[in-house]
């Protein structure tokens, strides 16, 4: 199958969609399909693209038209009207995987209207419920060759947060929860991994709570350095105050042996499945209660982690990619029938 894979953000940009796009494109290629990936992300050096498939960056109208014309199927990893316009004329099977909430106003209204011509995939049940028409729920994959258990690393630290330091990621809620625990005589160590515009304000908040000696802001980490750091912690907290469509970071932490503690919001409960513990979104008291219970109960943590292998298996790249290919094959059936006739 010739798959035109459209991903507005892609490497070297860093983010959830970029990660999923890279994982899926590589898997489609490994499973024997011809993949061409189109992106609006400029490369630092286009000649340095090392993917085993063709990457086309910022194609002009004529190039995009030709790529759609040559494809058996067009796949959007998150919908892009800028990449969809040739489909108004060229009738190609179109599959869209939804990773972000689509607004009901402006361009979002147009996107919602045109989805009737696509086969739709949602990355969580929460996302599926927000779409204007039926979709199939397929969970996101994580990089299982990178995020894994490292038995040689001692798990001697308590809590880790991984993400951008912006208001809606909820680090302030986590710091408030630690302040409540300190008042009860419990002072777990927290490692904050990430960068962002709220870094200075969050460090000031930690000092105001008297947490400076137990909160370590380490900046950004990636690759093996990040995996080693995650393996050193017992819990990973995802305290987002906005509705996360999925929550890939929770899966990555779980794969490294951290028990996920996540806000009861959006797709986060589905991302952690039976292996995590939920707290009320934005509620520091609820979060403090959960952290206290888990930190004081190694047995509870082990019971949760015992469920991880089965849950993670659903998110391994080969399994997720195979499920996508089944959707692609079904989407191509009407066109094949029409050509045969």
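The values are calculated or read from the model by the stated rules, or taken from the named source; none is laboratory data. What you are looking at is a predicted structure, and each value in this text was computed from that prediction instead of being measured. A quick note on method: Cβ atoms are made from the backbone with ideal geometry, for glycine too, and the neighbour counts reach across all protein chains shown.
Considering segment 1-86, the qualifying helices (runs of 4 or more DSSP H), each wholly inside and each with 1 or more residues that are outside the structural domain of residue 248 (by TED's automatic domain parsing), at pLDDT below 95 and within 22 Å of the chain's Cα centre (by Cα), run over 16-30.
Take the conditions at negative phi and touching a strand residue (DSSP E or B) at 6+ places or on another chain (Cβ under 8 Å) and apply them to residue 248. Does it pass? No.
Report yes if some residue within segment 198-205 is part of a loop (DSSP other than H, G, I, E, B) and in contact (Cβ under 8 Å) with a residue 24 or more places away in the chain; otherwise report no. There is at least one residue in segment 198-205 that is part of a loop (DSSP other than H, G, I, E, B) and in contact (Cβ under 8 Å) with a residue 24 or more places away in the chain. Here is a check on your reading of the model: is residue 226 over 17 Å from residue 287 (Cβ atoms), in the same structural domain as residue 287 (by TED's automatic domain parsing) and either crowded, with 18+ Cβ neighbours inside 10 Å or modelled with pLDDT of 95 or more (or both)? Answer is yes for this residue. For segment 167-187, the set of residues classified as outside any helix (DSSP H, G or I) and surrounded by 17 or more Cβ atoms within 10 Å (Cβ to Cβ) consists of 170 only.
The test for being under 23 Å from residue 175 (Cα atoms), assigned by TED's automatic domain parsing to the domain that holds residue 169 and in contact with a strand residue (DSSP E or B) (Cβ under 9 Å, 6 or more places away or on another chain) holds for residue 281. Filter segment 267-295 down to residues that are assigned to a loop (DSSP other than H, G, I, E, B) and without any contact (Cβ under 8 Å) to a residue 40 or more places away in the chain, then give me how many there are. Total satisfying the criteria: 2. If you check 261, 218, 193 for being surrounded by fewer than 23 Cβ atoms within 10 Å (Cβ to Cβ) and in contact with a helix residue (DSSP H, G or I) (Cβ under 9 Å, 6 or more places away or on another chain), only one passes: 218.
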